[in-house]
Amino acid sequence: MPKAPAASTPPPEPASYEAALQELEQLVARIESGQMPLDQMLAGYQRGAQLLQFCRARLEAVQEQIKVLDDGALQPWNEA
């Protein structure tokens, strides 16, 4: 009889946007290398989706903070 897959704990949430982005870049490089077994590639893809969601959420939160600082409207970026 086949064994049921072991319940594994989900990977921890990244400490920061930068840490998530770095992990995502490393993960993409490993997947693109073509050297990962299919099971690991699938797990890597799933982790990548989680990291991408984390990064998007952080960026949206920062964008909302900028709106508050700019009186509710995003202003164009002006480099000094």
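FYI, it's all coordinate maths here, none of it is from the lab. Since the structure is predicted, the reported quantities are computational estimates derived from the model, not experimental observations. Positions of Cβ are backbone-derived with ideal geometry, glycine not excepted, and every protein chain shown enters the neighbour counts.
Counting only residues that are under 19 Å from residue 9 (Cα atoms), touching a residue at least 24 places away in the same chain (Cβ under 8 Å) and either exposed (fewer than 12 other Cβ atoms within 10 Å of the Cβ) or polar (S, T, N, Q) (or both), segment 40-75 holds 1 of them. Among residues of segment 24-39 that are more than 22 Å from residue 56 (Cβ to Cβ), none has a Cβ under 6 angstrom from a residue that is surrounded by 14 or more Cβ atoms within 10 Å (Cβ to Cβ) and among the hydrophobic types (A, V, I, L, M, F, W, C) at a sequence gap of 6+ or on a separate chain.
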